[in-house]
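I have placed the structure first, in the form of structure tokens, so that the comments after it can refer back to it.
The values are calculated or read from the model by the stated rules, or taken from the named source; none is laboratory data. Worth saying up front: this structure is predicted, and the values here are computed from it rather than measured. With ligands, DNA and RNA removed, areas are computed over all heavy atoms of the protein, side chains included. Shrake-Rupley method; radii C 1.70, N 1.55, O 1.52, S 1.80 Å.
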Amino acid sequence: MTLPSNEVADLGLASAGVRRVDWAERSMPVLRSVRERFTTDRPLEGTRIAVCMHVTAETANLLRALRAGGAEVWLAASNPLSTQDDTAAALVTEYGVSVHAWAGMDTAAYDRNLVTVLKSRPHLLLDDGCDMVNTVHMTRPHLLDGVLGGCEQTTTGVLRLRRMSAEGQLRLPMVAVNDTATKRMFDNRYGTGQSTIDGILRATNTMLAGRTVVVAGFGYCGRGLAERARGMGARVIVTEVDPVKALDAVMQGYTVTTMEEAAPAGDVFVTVTGNRDVIRAEHLARMRDGVVLANSGHFDLEIDLDALNRMAVEIDRGVREQADEYVLADGRRLLLLSEGRLVNLGAAEGHPAAVMDLSFAVHALTTEWLAREYTDLLPGVVEVPSKIDTEIAGLKLTTLGVDIDTLTPDQEDYLRSWYP
């Protein structure tokens, strides 16, 4: 059998990857049901899809569904640290996906792999952070020929797409999968909240009870993180720039202040804003000895790493796995996790499979819808049809054994009318 194009660490890891993928599938019944229908209906027959996502077992199950639907799939990693090499090998040898990713690749290889998957001449782009869309628009615009549209599954990516669209630079219809109610609730709030704590604990073996955790950003991700840190006994401080979100945090009982004021009070700092330089030199200068610095925003820009490197007189790389200790001139030590990249994927395994079950089921159905409806869409950011969100939520409730009420005909009539 001829294998698809690939650049992975070791194809010999495939059997271990299959076990990992099968384990994740046990907690992904909604996506499995989508895959079963795709196997019969083949809605993506003849469609080439370029994907830039974390190469994990959960992602592998999404790609299995796309392949079952008839698609040819090319995959590059959306983070140099998150690739599971055994999963990458299994995708190539067992599931027929062209994979160009390996754990720990440098920036040059990361960029090269993005271009490689774009050279497959895809019809659809599935992105995680807008790196692939940004690359094809800025450096390889000739590869846009034949691209019909795409999907974006992160808050950071959707923000970048909206900026591109506002400036008239986005040449494709891009569906904001991130902005569905199920994605924000399940993935961002519950998934990021749990997996970020998981990454911090794995990297540091620290105890959160009785310590002060500073959460920068109170969107869905920050809200979930703050809830879980408080549930483990931590005192939680929230920093925000949005008055509405800050007020929400206050009303939920959190201490809300500026990063300048939080800097000397915190033991663990986690950024989840989608913006850059949230923790800067002036904040680092005020922090206690032994603080932990982590990021669960998409890019490694939220903590000013240039400033941290300038301030350090000594750096102990890998004092623990996924943890680097920066020693400052006055002897204080700051512990940076996962090189400032996503701690929940660098130091842990990302969201639990049960969380990604919903996110990737939405993604699969949205991809099917996009492949069918692209001719009616204009370049710009497009919302996921609400019926997809509702369908996935209903399927998830069924797998959980939960029944809910349905509207009676009279109730439906009442809601459609304007009179009492």
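Carbon and sulfur: what percent of the stretch 86-139's accessible surface (1.4 Å probe)? Of all accessible area on the stretch 86-139, carbon and sulfur atoms account for 51 percent.
Listed by chain and number, the lysines whose C-alpha is less than 29 Å from the C-alpha of residue 387, apart from same-chain residues fewer than 8 away, are 183, 245, 396. How many angstrom separate the Cα center of the stretch 181-217 from the Cα center of the stretch 314-343? Going from one Cα centre to the other spans 19 Å. For the pair the stretch 85-106 and the stretch 367-390, the centres of their Cα atoms are 29 angstrom apart. What do you get for the angle between helix 192-204 and the principal long axis of the chain? Use alpha-carbon atoms, 0 to 90 degrees, nearest ten. Value to nearest ten degrees: 50. For the stretch 370-420, just say rounded, prolate or oblate: build the C-alpha gyration tensor, square-root its eigenvalues into a ≥ b ≥ c, call rounded for a/c under 1.5, and beyond that prolate if a/b exceeds b/c, oblate if not. Note, shape of the stretch 370-420 comes out oblate.
When the alpha carbon coordinates of the stretch 70-163 are projected onto the principal axes, the ranges are 36, 28, 23 Å, largest first.
Here the relative contact order of the chain, from alpha carbon pairs under 8 Å that lie six or more residues apart, stands at 16 percent. Using the 1.4 Å probe convention, the accessible area of the stretch 167-258 works out to 42 Å² per residue with neighbouring protein chains retained. Heavy-atom accessible area, probed at 1.4 angstrom with all protein chains present, ranks 276, 211 as 276, 211, highest first.
Taking the 1.4 Å solvent-accessible surface of the stretch 264-329 as the whole, the part contributed by carbon and sulfur is 42%. Listed by chain and number, the lysines whose alpha-carbon sits under 21 Å from that of residue 119, ignoring those within fewer than 8 places in the same chain, form an empty set.
If you wrap the stretch 1-66 in the convex hull of its Cα atoms and look at it from every side, the mean projected area works out to 5.5 nm². Counting only heavy atoms of protein chains, what accessible area per residue, in Å², does the stretch 22-120 have with a probe of 1.4 Å? It amounts to 32 Å² per residue over the stretch 22-120.
Residue 311 exposes around 50 Å² of accessible area when a 1.4 Å probe is run over every protein chain in place.
Orientation-averaged projection of the chain equals 23.1 nm² [convex hull of Cα atoms, one quarter of hull surface area].
The three principal axes of the Cα atoms in the stretch 6-134 give end-to-end lengths of 40, 32, 23 Å, sorted in falling order.
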